[in-house]
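Working notes, structure below.
Just so it is clear, none of the values below were taken in a lab; they were calculated from the coordinates. Because the structure is a prediction, the values reported are computed rather than measured. Glycine also receives a Cβ, built like all others from the backbone with ideal geometry; neighbour counts cover every protein chain displayed.
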Amino acid sequence: MTARPHSYVDPLDAAFPTSSRAEPAAEPAYLRGLNAEQREAVLALDGPVLVLAGAGTGKTRVLTTRLAHILATKRAWPSQILAVTFTNKAAREMKERIGALIGGTVEGMQWLGTFHAIGARMLRRHAELAGLKPNFTILDTDDQLRLLKQILEAENIDEKRFPARTLALLIDGWKNRGQLPPDVTDGDAQAFAFGKGRSLYAMYQARLKALNAADFGDLLLEPIAIMRAHREILDDYQHRFRYMLVDEYQDTNVAQYLWLRLISGANKNLCVVGDDDQSIYAWRGAEVENILRFERDYPGAKVIRLERNYRSTPAILGAASGLIAANAGRLGKTLWTESEEPGEKVQVKGFWDAEEEARNVASEAENLKRQGRALSGMAVLVRASFQIRAFEDRFLAIGLPFRVVGTTPFYNRAENRDAIAYLRVIAQGDDDLAFERIINKPKRGLGDVAIQALHNHARTANLPLLMAAEELAASEELAPKARTALSDLVKSFARWRQQSMQLPHAELAEMVLDESGYTDMLKADKSPDAAGRLDNLKELVRAMEQYESLTAFLEHVSLVMDLENNETEDKINLMTLHGAKGLEFDIVFLPGWEEGLFPSQRTLDEKGTTGLEEERRLAYVGLTRAKSRVFISFAANRRVHGQWQSALPSRFIGELPEAHIDAVADEGFYGNYGTFRDNQGGFSSPYSSPGWRRAQEARASARERAPIIDVAAKVVATGDPTAAKFATGERVFHQKFGYGRIVTVEGNKLLVNFDKAGSKRVMDGFVEKV
DNA sequence: CTCGGCAGAATTTTT
DNA sequence: TTCTGCCGAG
């Protein structure tokens with residue numbers, strides 16, 4: 001490597017090396033410091049490339065450098081590069097880092113973004129071909145649900161028996177698999193409301209078009225359909241993109257796969273990057289298969305493995321590798337590090353309950369902070385979001401600054417969603433769902449009766465609600481009070497729409513909130529959180545200023561669902577394991593490693609071994625987030641739905657290699673940790689300390705006095721693969737739901753149509769044959 | 001039409 | 001335990 005002093009390197013020269021430079025063979029600065037594999041991954045521009053990048057192996061660096069290299073060597077213009085990520089965070093980071101590499105910001109990378117953002121962009125360009133207008137609304141889950149409820153109601157389907165939620169999940173699944181209504185199999189359609197699944201799906205799609213709206217799935221599905229139906233559009237995209245790059249390839253679902261296959265058809269300069277060991281989204285349709293079969297799909301693909309880890313200590317790496325080794329069917333990578341120092345062992349500690357666990361994490365964090373570690377370099381990573389609360393409470397109590405990442409997204413707060421609904425109606429008058437949301441918010445005397453009349457009129461006249469409202473307000477149909485209220489509202493919207501042409505959108509928003517009475521409503525609200533809501537709205541208006549137009553803002557809202565808060569304050573991070581993927585921290589706390597919680601009982605029940613392996617990968621992701629220290633903990637007792645439950649330490653603890661962990665007994669804790677380890681045939685030596693033995697004895701005698709539900713036994717029972725005791729069509733009895741007939745059997749999970757209670761998902765353990 | 005009380009259900013993970 | 005949707009009274 002050239003040892004050119006830093007002072008010589010002008011970033012621009014480095015990015016665009018010129019022949020006049022003294023060293024013709026000199027490499028651009030951005031290649032420096034890359035190892036051989038990383039360099040290969042950056043330089044292999046032609047043809048398909050699969051980069052298997054283990055955790056902490058400098059994946060992002062390789063990705064960004066590769067893009068910078070393409071740009072710097074002028075192989076393609078920014079607009080000719082397709083770069084897809086899964087999260088907005090990743091997209092943002094990529095943009096920033098490319099800019100940093102080649103100096104200055106990169107303009108014109110319009111096709112760098114999430115699958116959904118790019119899909120939305122494509123769909124807006126060809127909206128008419130999908131029966132939409134270019135200004136279509138992107139619906140979120142909430143809107144989706146309300147729409148489905150309306151459809152179910154119109155179809156006279158009992159929402160109690162067949163919840164809209166279930167249908168939403170089904171439709172989501174179909175969309176993830178790239179299926180439009182005609183593609184849905186009879187079997188799948190059967191799963192909802194006596195085989196009406198398919199036609200309900202079709203109605204839903206029709207309603208979306210009528211509302212000029214698309215849901216998340218459509219952002220991919222519609223472009224696929226368009227490209228398939230219009231050769232010239234497909235050609236255009238295939239030729240447009242000289243280079244294609246996909247991050248987190250292991251997380252792609254069938255629809256995304258099809259989309260990519262179409263676009264990459266002619267030009268095979270496709271580079272995908274991923275790690276099968278970090279595939280944690282199978283539950284929402286991701287197919288690890290996609291990465292496993294890449295070489296088959298793209299013959300002659302170059303496979304590059306990044307295995308040298310730059311992040312974690314050998315101890316952490318050892319623990320993580322040992323754990324993930326329990327998974328079968330991996331592409332197989334061995335992470336290694338050059339670090340000489342083994343680093344501190346991974347600490348494993350048991351507690352009496354979740355509160356004690358939280359207290360301990362908090363005081364440990366405080367200690368480390370006192371030792372000079374930054375709080376912002378620490379993270380508490382949990383399996384399920386409900387676990388976060390205990391930590392929040394504790395951190396608040398002792399005044400430890402923290403930040404909750406990823407939960408209750410800013411735009412999801414009711415007041416913000418209301419404000420956005422007003423803006424949506426202004427931007428897109430056909431947006432009935434938004435209009436309905438705020439028609440009587442604040443209260444303006446438009447109740448069920450008025451809304452029903454409005455719906456009727458809209459249906460018979462075949463008009464969007466807002467236009468129907470205008471007509472209805474002009475007629476004699478409504479009671480005078482409601483009539484004036486409706487007429488006022490319609491006039492307000494007309495006025496606001498006028499204003500939206502001239503006024504900056506942030507000002508418009510302020511005006512709308514004031515004139516609609518929304519702010520007054522909150523001001524009059526005496527509940528303690530009303531003030532906070534007003535603050536949120538202020539924040540919202542402030543956030544809007546960053547966007548060019550109202551439309552740009554709304555697009556951002558629907559795709560991102562959160563504010564970009566580049567907070568720099570020193571706070572400990574609190575988030576789910578899923579949310580932590582792709583991040584790194586100095587110190588990581590992994591609480592709640594208990595059977596039933598992690599691995600999650602539900603995943604185990606639904607997906608069996610496959611699910612267990614995904615949970616294990618999640619644990620692997622958690623461990624590999626840490627640079628220097630990991631603290632794993634479990635609680636013997638935890639309150640779930642207000643009910644106390646006891647649990648055993650997670651089997652994952654037993655799978656951690658002994659050499660890399662340090663098990664700490666805690667006074668007063670009497671879990672049967674050691675017993676569990678012995679059952680697994682694991683070691684027990686670290687637990688033969690007097691503390692542990694005492695703990696176990698206490699546990700044993702406690703059990704004699706008052707037997708505690710043995711979770712391990714339950715796990716064994718439900719984990720039995722031969723447990724397919726039920727068949728479709730059989731009559732069963734359930735303690736709570738009564739008699740019913742089995743609709744589908746998935747592992748030990750049954751979908752049963754109960755005579756009285758309707759269709760429910762139940763575990764086979766809770767029903768008996770009649 | 002609105003508000004209050006009550007019963008019943010709910011809990012992974014997210015673009 | 002907490003939230004949601006439904007029902008009846010004012």
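Zone of A:LEU129 (label point 7 Å along Cα→Cβ, backbone N under 12 Å): which residues in segment A:210-244?
Label zone hits: A:222-238.
Quick one, what does Rg over Rh come out to for segment A:135-175 if you take C-alpha atoms and the Kirkwood Rh?
With Rh from the inverse mean 1/r over Cα pairs, Rg/Rh is 1.01.
Between A:SER339 and A:THR728, 0.36 nm times their residue separation minus their Cα-Cα distance comes to what?
Net length gain for the segment: 134.4 nm.
Expressed in nm to one decimal, what extension gain is obtained for the pair A:LEU169 and A:GLU153 from 0.36 nm per residue of sequence separation less their Cα-Cα distance?
Residue separation times 0.36 nm, minus the Cα-Cα distance, leaves 4.0 nm.
How do the peptides A:393-404, A:426-437 rank, highest first, by the average count of neighbouring beta carbon atoms within 10 Å per residue?
So the peptides A:393-404, A:426-437, ranked by packing, come out A:426-437, A:393-404.
How large is the translational diffusion coefficient of segment A:306-458 in µm² per second when you combine the Kirkwood radius over alpha carbon pairs with Stokes-Einstein at 37 °C and 0.692 mPa s?
D, rounded to a whole number, is 156 µm²/s.
Run the quick spin-label model on A:GLN238 and A:LYS302: label points 7 Å from Cα toward the beta carbon, then report their separation in nm to one decimal.
Going by the 7 Å Cα→Cβ label model, 2.4 nm.
Based on the alpha-carbon gyration tensor of segment A:415-471 and its eigenvalue square roots a ≥ b ≥ c, which shape applies: rounded if a/c is under 1.5, prolate if not and a/b is larger than b/c, or oblate?
Judged from the Cα gyration tensor, segment A:415-471 comes out oblate (a/c at least 1.5, b/c at or above a/b).
FRET efficiency for A:ALA76 and A:ASN35, Cβ-Cβ distance as r, R0 = 35 Å, nearest 0.05?
In this case the efficiency is close to 0.85.
Are any of the pairs A:LYS59/A:LYS349; A:LYS95/A:LYS133; A:LYS149/A:LYS175; A:LYS209/A:LYS581; A:LYS268/A:LYS607 more than 28 Å apart by Cα-Cα distance, and if so, which?
Correct reply: A:LYS59/A:LYS349; A:LYS95/A:LYS133; A:LYS209/A:LYS581; A:LYS268/A:LYS607.
Quick check on segment A:489-541: take the gyration tensor over C-alpha atoms, sort the square-rooted eigenvalues as a ≥ b ≥ c, and tell me if it's rounded (a/c under 1.5), prolate or oblate.
oblate
Given labels modelled 7 Å from the Cα in the Cβ direction, how far is it in nm from A:ASP520 to A:ARG602?
4.3 nm
Mind checking the full-extension length gain between A:TYR547 and A:ALA530? Use 0.36 nm per residue of separation minus the Cα-Cα distance, one decimal, nm.
3.4 nm
Using a Förster radius of 60 Å, what is the FRET efficiency between A:SER492 and A:ASP186 based on their Cβ-Cβ separation? Nearest 0.05, please.
Taking R0 as 60 Å, the efficiency between A:SER492 and A:ASP186 is 0.75.
Of the lysine pairs in segment A:363-520, how many meet both conditions: Cα atoms under 25 Å apart, and a spacing of 8 or more in sequence or different chains?
5
Below 8 Å between Cα atoms, with a sequence gap of 6+, how large is the relative contact order for segment A:472-618 in percent?
Reported as a whole number, the value is 12 percent.
For segment A:33-108, just list the percent of Cα-Cα distances falling in each 10 Å bin from zero outward, please.
P(r) for segment A:33-108, in whole percents per bin: 18, 55, 27, 0.
Counting other Cβ atoms within 10 Å of each Cβ, which trypsin sites (Lys or Arg not before Pro) in segment A:289-343 have at most 12 and sit in a DSSP loop?
Taking segment A:289-343 and a limit of 12 other Cβ atoms within 10 Å, the loop trypsin sites (Lys or Arg not before Pro) found are A:ARG293.
What chymotrypsin sites (Phe, Trp or Tyr not before Pro) in segment A:121-194 are in a loop by DSSP, with at most 15 other Cβ atoms within 10 Å of the Cβ?
Sparse-neighbourhood loop chymotrypsin sites (Phe, Trp or Tyr not before Pro): A:PHE194.
May I ask you to list the GluC sites (Glu not before Pro) in segment A:493-591 that are in a DSSP loop and have at most 13 other Cβ atoms within 10 Å of their Cβ?
Qualifying residues, ordered by number: A:GLU545, A:GLU548, A:GLU564, A:GLU567, A:GLU569.
Roughly what would the spin-label model give for A:ASP46 and A:ASN456, points 7 Å off Cα along C-beta, in nm?
In this crude spin-label approximation the distance works out to 7.2 nm.
Which whole-angstrom value gives the distance between the alpha carbon centres of segment A:26-97 and segment A:244-287?
Centre-to-centre distance over Cα atoms comes out at 16 Å.
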